[in-house]
Amino acid sequence: MVYESMIAESLSIQGHNGEWVSAYSARPMGAGPFPGVVLIHHLPGWGEFYREMTRKFAHHGYAAVSHNLYHRVGEGSADDVAAKARAEGGVADDQVIGDTEGAVQWLKNQPYCNGKVGVIGSCSGGRQAFLYACNTNSIDAAVELWGGRVVQAADDRPEKQPMQPIDMTKDLSCPLLGIFGNEDRAPSPEQVDQHEAELKKHGKDYAFHRYDDAGHGFFYYHRPMYRVEQATDGWEKIFAFFGKHLAG
């Protein structure tokens with residue numbers, strides 16, 4: 001029998017403008033070195049699902065960290081804090097980039113990290129993972145899970161998210177994996193088509209996988225939208241992708 005163990009803990013990292021934000025990390029026990037993954041939480045907040053997802057990566061041999069984009073909004077339950085964040089217009093794109101850069105650099109500075117780091121996010125976090133990958137050269141791979149508002153309507157350019165990420169495609173700095181449900185409306189299949197066309201136009205290294213009978217959030221086992229077969233296949237593709245670009 002092979003011994004298994006991991007360490008998971010809450011901590012603080014320096015994010016946007018050097019401000020300290022809360023985070024949650026998990027990694028296998030041992031010296032490593034392990035590839036790194038930064039998880040960008042979804043619009044419903046920095047809650048239990050992302051803690052479990054962080055530990056899932058540790059179980060598969062990654063050093064993972066999930067930072068709290070809503071740290072500045074205040075304390076409380078994930079649902080309450082997320083509601084307050086939405087009422088305030090969400091999180092500014094430049095703050096997301098700064099906080100995520102802090103998480104990436106924190107991982108790279110750990111003695112057990114192999115120096116390669118990827119980002120992954122779902123829903124708004126999928127948009128933000130793509131946004132981050134187009135605005136830095138810090139990572140080796142990005143996974144976008146049904147990123148809503150990568151394509152933004154002309155009347156959907158709020159002060160905190162003034163530029164649609166699809167317009168940044170030419171600056172994508174690493175391979176991209178995208179996973180989408182064909183019954184989703186945010187992003188819709190038509191928006192995913194636009195997203196893919198722009199990646200092709202700029203000759204980017206990407207792979208998109210689209211699932212029938214799956215809508216928004218089909219990985220979320222705690223919600224009616226969960227689709228076990230599609231989610232299982234999606235996870236297999238994530239680990240194959242990160243295995244190739246981070247652990248290989």
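The values are calculated or read from the model by the stated rules, or taken from the named source; none is laboratory data. This structure is a prediction, so every number in the text was calculated from the model and none was measured. FYI the Cβ positions are ideal-geometry reconstructions off the backbone, even for glycines, and counts take in every protein chain you see. What goes into the accessible areas is simple: the full protein's heavy atoms, side chains included, and nothing from ligands, DNA or RNA. Shrake-Rupley method; radii C 1.70, N 1.55, O 1.52, S 1.80 Å.
Observations on the model:
- Across segment 158-174, a minimum of one residue is classified as closer than 20 Å to LEU43 by Cα, among the acidic types (Asp, Glu) and more than 18 Å from the chain's Cα centre (by Cα).
- Flag if GLU159 is modelled with pLDDT under 95 and among the charged types (D, E, K, R): yes
- All conditions in (1) within 25 Å of LEU199 (Cβ to Cβ); (2) more than 16 Å from the chain's Cα centre (by Cα) hold for ALA129, with the sole exception of (2).
- Residues satisfying the stated conditions in segment 163-181, i.e. part of a loop (DSSP other than H, G, I, E, B) and open to solvent by 50 Å² or more (accessible area, probe 1.4 Å): MET163
- Complete set of residues in segment 63-95 that are over 20 Å from the mean Cα position of the chain (by Cα) and of a type in the set (D, E, K, R): GLU75, ASP80, LYS84, GLU88
- Tally of residues being without any contact (Cβ under 8 Å) to a residue 40 or more places away in the chain, among the aromatic types (Phe, Trp, Tyr) and in a helix (DSSP H, G or I) across segment 223-248: 1
- Sole residue being farther than 21 Å from ASP140 by Cβ and at pLDDT 95 or above, chosen from LEU107, LEU69: LEU69
- None of VAL150, VAL192, VAL143 is out of contact with any strand residue (DSSP E or B) (no Cβ under 7 Å at 6 or more places or on another chain), at pLDDT 95 or above and surrounded by 14 or more Cβ atoms within 10 Å (Cβ to Cβ) except VAL150.
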